[in-house]
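Please treat every number below as a calculation from the coordinates, not as lab data. What you see is a predicted model; the values in this text were computed from it and never measured. Please note: Cβ atoms are built from the backbone with ideal geometry, for glycine as well, and neighbour counts cover all protein chains shown.
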Amino acid sequence: MPKMKVGLVGCGNIATDLCIAVKEGDIPAEIAAVTDIARGKAVVLLRTFDMDAAICSLDENAAAVDYLIECAAADAVKEVVEAAIKHGTDCLIVSVGGLVEDPELFVRAREADIALTIPSGAICGLDGIRAAQEAGLRSVTLTTRKPPKGLAGAPYLVEHSIDVDGLTEPRVVFEGTAAEAIKAFPKNVNVAATISLAGIGPDETRVQIIADPAATVNSHEIVVDGAFGRLRTVTENVPSPRNAKSSYLASLSACAELRDAATAFAARRTPGW
Ligand SMILES: NC(=O)c1ccc[n+]([C@@H]2O[C@H](COP(=O)([O-])OP(=O)(O)OC[C@H]3O[C@@H](n4cnc5c(N)ncnc54)[C@H](O)[C@@H]3O)[C@@H](O)[C@H]2O)c1
């Protein structure tokens with residue numbers, strides 16, 4: 001089966017999970033090029049997985065592959081999409097927060113006729129939100145519940161002198177729009193951004209964040225009201241085995257997107273499919 005050439009931008013935890021998925025062998029893809037601002041991370045990734053990929057600039061990466069995966073940082077997103085557009089390369093953007101900051105990138109990708117995809121990340125229910133949006137949504141609310149230590153150090157808590165140490169019962173530490181939540185709790189940026197993009201945008205999407213001393217996992221509850229009726233999803237995430245700060249489901253959603261893209265690529269190039 002023809003293998004799709006994949007370029008990784010960012011060689012950290014999510015890149016590692018993608019390499020594990022590719023190495024398992026049933027995704028028709030090969031990692032052909034990698035880029036990282038810290039070259040040493042790229043070297044370690046290739047060594048860890050005994051891969052023969054090129055370590056190169058973003059521009060060289062986008063030129064050499066069939067599919068570019070950004071798994072670096074929100075501030076890398078614009079240049080990754082621009083490199084993908086320049087070279088006509090489809091791309092997956094994992095740092096979804098970067099797209100909320102620059103929604104024009106979707107329009108430019110569409111005009112350039114490249115696929116710009118985002119993974120569902122650490123939540124479920126995006127299919128329903130997208131479908132419901134067709135008939136108009138009245139409200140979208142995200143409630144994130146985390147153990148207090150998972151929120152410690154967030155800019156909003158520091159600015160408002162909110163101490164979550166020693167809580168004995170759940171405390172709502174933030175209520176506002178997704179746009180405000182993205183700035184106040186940068187570690188939640190991707191979930192709030194993904195829901196906003198699927199639904200009614202960052203200024204209309206409501207976010208509540210709860211520090212819960214009884215919580216053992218990070219959970220995200222989404223409630224959507226609209227002409228279709230009402231939907232409610234709850235996702236309880238365990239941490240990634242390789243990165244306690246990231247939800248395992250987020251990595252798995254990137255792997256699932258890669259599998260879909262590689263399978264479609266192989267089908268297009270296999271006579272008789
Ligand atoms: N969509 C989601 O639900 C979701 C969930 C978790 C993480 N993420 C995002 O995915 C991204 C990667 O997460 P991770 O856990 O693998 O992070 P990580 O810190 O483990 O790895 C990021 C890597 O990218 C590199 N990097 C940073 N800026 C870069 C740039 N401009 N160009 C090239 N390389 C760059 C770093 O040196 C590092 O090696 C982050 O932006 C994170 O917020 C998204």
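Extension gain, Asp165 to Asp59, is 33.6 nm, computed as 0.36 nm per intervening residue step minus the present C-alpha separation. The string of couplings for the stretch 246-262 from the Karplus curve (6.51, -1.76, 1.60, θ = phi - 60°) is 10, 6, 4, 4, 4, 5, 5, 5, 5, 4, 5, 5, 4, 4, 4, 5, 5 Hz, one whole number per residue in order, with x for Gly and Pro.
Here the stretch 52-94 and the stretch 131-168 have alpha carbon centers that stand 31 Å from each other.
For the chain, modelled as a GNM whose springs connect Cα atoms under 10 angstrom apart, the maximal fluctuation among Val164, Val100, Val80 occurs at Val164.
Applying a threshold of 21 Å to the alpha-carbon distances of Lys78/Lys187; Lys146/Lys187; Lys149/Lys187; Lys41/Lys149 flags Lys41/Lys149 as lying beyond it. If Lys and Arg each add +1 and Asp and Glu each add -1, what is the summed charge of the other residues whose beta carbon sits under 14 Å from the beta carbon of Lys41? Local net charge: +2. Note: relative contact order over the chain, using C-alpha pairs below 8 Å and six or more positions apart, is 20 percent. Given R0 = 22 Å, the distance between the Cβ atoms of Arg230 and Lys187 translates into a calculated FRET efficiency of 0.15. Computed 3J(HN,Hα) for the stretch 55-64, one whole-Hz value per residue from the Karplus formula 6.51 cos²θ - 1.76 cosθ + 1.60 where θ = phi - 60°, is 9, 8, 6, 4, 4, 5, 4, 4, 6, 8, glycine and proline marked x. Pair-distance distribution of the chain: all C-alpha pairs, bin width 5 Å, starting at 0; shares per bin in whole percent are 1, 6, 12, 16, 17, 16, 13, 10, 6, 3, 1, 0, 0. With both labels modelled 7 Å from their Cα along Cα-to-Cβ, the Ala131 to Val158 distance reads 4.3 nm.
Using 0.36 nm per residue and subtracting the Cα-Cα separation, the extra length available between Thr263 and Asp113 on full extension is 52.0 nm. Cys124 sits among other residues whose Cβ lies under 12 Å from its own Cβ, and their net charge, with Lys and Arg +1 and Asp and Glu -1, is -2.
Shape summary: the stretch 126-237 maps onto an equivalent ellipsoid whose semi-axes, from the alpha-carbon gyration tensor, are 26, 14, 10 Å in decreasing order.
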